[in-house]
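Peer 1: Submitted below is the structure of interest, expressed as structure tokens.
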Amino acid sequence: MSLWALGAAAAFFVLLGLLGSRFAAWLASPADGALYRCVLYTITGIVILHLVLTVLDFAGVRWSVPVLAVAAAVIAGIAGIIGANRQGGSSPLPAVQTRPYAKQSSGPAWGDALAIFAVIVFAVFAVTGWITMPDFVYHWGFKGHRFYLTREVDYSFLGNRWNWAIHPEYPNLVPELFAVTALLARGFDMPAMMLEAAVLFALLVAACREGLRQGGADRFIQQAGTALVALSSAAFGIGYIMAGAADWHLALVFAAAVPPLLRPPDRTGDLQIGVIAAFAAGSKIEGVPLAALLVAVQIVRRVWAERRLTLKPAVTTGLLPAAVVLAWLARVTHHHLFQTLESGAFELARAREIFAGVGEALQNPAWHGLLPVMFLPLLLLFQRRTRAFAAVAILELVFYFYVYFTSPVGDYHYFVLSNFPRLGFQLVPACIVTALVVWFAPKSERPAGTLGGCPPAATDHELA
Amino acid sequence: MNQQGKIGAMLKRFLLGLLVLWSGASLLAEARRAVTSWDARAGWDAWPGGWRLGTPPVARLEACLTGARRLLPAGTAVAFAAPGESAESTLFQVRWAAYLMPEQNVFGHSESTAAGMARYVISWRKPLAGPAAAKLRPVGQPPGCFLYQAIRP
């Protein structure tokens, strides 16, 4: 284990957050707390990095630290100039109605302490490599190492017919993060790569905490909910050996999408959803439909709220995800990377095998009984405040089952068992948050289409 | 809020508190299990689908590949064979070999899509024999494996 490499991995995420923070004028809602801003900025930084690497690949420029530093400086500079001009005019941020909870402190307390403990425990196990997910070895980490060595997404390598087992068609944001971490660390150091999962876990917990806060949960529920998400995720992450898995990315997507989906739709929410959706689309193949669902639901909310269809919100929400998806589609199609496993006829006859697998997966010991929480969106759909989140979650669940019924795998019972517990992990933390928001918020604080008791976490002045 | 409502709210909070306790206990149980298995890793000898970083089977494979790497030019097409192992076991071993040698193009020796592509063949633990060894020339014996070069016409 190299301390230099671990430091480089940690510094990498700080730099990504700083890069993303250059877009604060557009990204941060007055309702957003400091921790959630860190989450949004880091996700934004990652999406920018992914797009920069994609452009470099299209241009045939090999990745290097100086090239990436120049690109980051240029982007930060442009964002600074545009942001300064924008601040000179009217405020980009909408006014926020304060609610009775506005006086509540969201300072650290016992639940946060438990959450920090959970993140540290997970991080310690992760950097030892003992809880490294097999898929890190089989493809995520392997591709990351390969891209680090070749200083590009090595499409000629991915296009080798024998590489079907490493999912050459998957979006490459996850291995790109490993590759750039290795560039900064001057070597592919496994503990440094594993630290990424711990960072994503910390961001996930921060996003869940914010979801509870913006949802109007009182202090006890905020603390209990934060602790519950952190402790249960850490237990599953260790028990199911999840370090290095890309499922952390999608769990973060669902959790980070909760605050803007709980708030009434607005310009800032459009961009927040757009950035989060772009992150989803770049991370995993099931992140592509998830991105489409997030964008579609946000646009429908906008249309519903304004009673008219306008192009601007659709562009604000959909531009970044579209850029990520179209670039990915172009490369995958050009190099003929789609696999036969991706397509097949819908076979209802598999139902018994699939649902037997689901039933068994729901009892997975690493979940300690919590996995059925992933189906809570079916109930949350009946609550107006959580309907948007529930719609996204349910449709993503439908997509998972569609894949089970159409992928020509063979042994569907094993297929479901091998991935359902971790697909559920993508949903469980955000489902816990939204369920607590609905079932624990005082009835007087549940008006539809309001901030639901959320205090403004910052003023326009603070953001300027 | 009436009396019944207050009791209901308190009960819900109590249940949430219990859930937090349950999750804390779950984390401690998983951590304990992980520490126990970590302490016993020297005796870890699972089938290849259950290999983990830092376990003896992976260390053995790493030793083999470190030895082979000295004899292989970078970017070479290398087939990995595991005579006597099941196809499923071999599939996982190939993935581990590819992970440990990312600078090479590693694939399974029986991979139909790579027929005739291999410049070198690594045979894990046992030497190749019979038709599989035809058109191959032994070039080295790294720890725990055998290295062959394909004879090109």
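Bear in mind that the values in this text are calculations on the coordinates, not laboratory data. Given the structure is predicted, the values throughout are model-derived calculations rather than measurements. Note: ideal-geometry Cβ built from the backbone for every residue, glycine included; neighbour counts use all protein chains shown.
Peer 1: Quick one: Cα centre-to-centre distance for the range A:269-315 and the range A:163-198, in angstrom?
Peer 2: Value for the Cα centre distance between the two parts: 27 Å.
Peer 1: Label points 7 Å out from Cα along the Cβ direction at residue A:120 and residue A:18: separation in nm?
Peer 2: Computed distance between label sites residue A:120 and residue A:18 equals 2.6 nm.
Peer 1: Just from its helices, what would the mean residue ellipticity at 222 nm be for chain A, if runs of 4 or more DSSP H residues each count -39500 (n - 2.57) and the sum is divided by every residue, rounded to the nearest 500 deg cm²/dmol?
Peer 2: Numbers: 19 runs with 311 residues, N = 464.
Computed ellipticity for chain A at 222 nm equals -22500 deg cm²/dmol.
Peer 1: When N is the residue count of chain A, what does its C-alpha Rg come to as a fraction of 2.2 N^0.38 Å?
Peer 2: Against the compact-globule rule of thumb, the ratio is 0.93.
Peer 1: Counting other Cβ atoms within 10 Å, which trypsin sites (Lys or Arg not before Pro) in the range B:60-153 have at most 10 and lie in a DSSP loop? Working shown, then result.
Peer 2: Values: sites: B:60, B:69, B:70, B:95, B:119, B:125, B:135; in loops: B:70, B:119, B:125, B:135.
Here the sparse-neighbourhood loop sites are B:70.
Peer 1: Here's a follow-up. Which longest uninterrupted range of chain A lacks any chymotrypsin sites (Phe, Trp or Tyr not before Pro) assigned by DSSP to a loop state (not H, G, I, E or B) and surrounded by at most 16 other Cβ atoms within 10 Å? Numbers along the way, then the final one.
Peer 2: Numbers: sites that count: A:338, A:346, A:382.
Answer from the scan: A:1-337.
Peer 1: Quote the relative contact order of chain A in percent (integer), defining contacts as alpha-carbon pairs under 8 Å separated by 6+ residues. Don't skip to the end; give the middle numbers.
Peer 2: On the way: 724 pairs, mean separation 109.1, N = 464.
Reported relative contact order: 24 percent.
Peer 1: Considering all projection directions equally, how large on average is the shadow of the alpha-carbon convex hull of the range A:27-67, in square nanometres?
Peer 2: Numbers: hull surface 14.0 nm².
Mean shadow area of the hull around the Cα atoms is 3.5 nm².
Peer 1: Build a GNM of chain B with springs between Cα atoms under 10 Å: which of B:130, B:50, B:108 gets the top mean-square fluctuation?
Peer 2: Looking only at B:130, B:50, B:108, the largest GNM fluctuation is found for B:130.
Peer 1: What trypsin sites (Lys or Arg not before Pro) does the range A:267-345 have in DSSP loop regions with at most 11 other beta carbons within 10 Å? Before the final figure, lay out each step's value.
Peer 2: Details: sites: A:267, A:284, A:301, A:302, A:307, A:308, A:331; in loops: A:284, A:307, A:308.
The qualifying sites are A:307, A:308.
Peer 1: Just counting partner chain Cβ atoms within 10 Å, what average do the residues of peptide A:367-379 show around their Cβ?
Peer 2: Going residue by residue through A:367-379 and averaging, the value is 1.
Peer 1: In whole angstrom, note down how far apart the Cα centers of the range B:1-76 and the range A:220-268 are.
Peer 2: 18
Peer 1: For chain B, compute the orientation-averaged projected area of the C-alpha convex hull (one quarter of its surface), in nm². Can you show the working numbers first?
Peer 2: Values: hull surface 57.1 nm².
Averaging across all directions leaves 14.3 nm² for the Cα convex hull.
Peer 1: Turning to a different aspect of this structure: Check the protein assembly as shown and count each lysine pair with an alpha-carbon distance under 28 angstrom, considering only pairs eight or more places apart or from different chains. Numbers along the way, then the final one.
Peer 2: Numbers: A:103/A:443; A:103/B:6; A:103/B:12; A:143/A:284; A:284/A:312; A:443/B:6; A:443/B:12; B:126/B:135.
Close lysine pairs under the 28 Å cut-off: 8.
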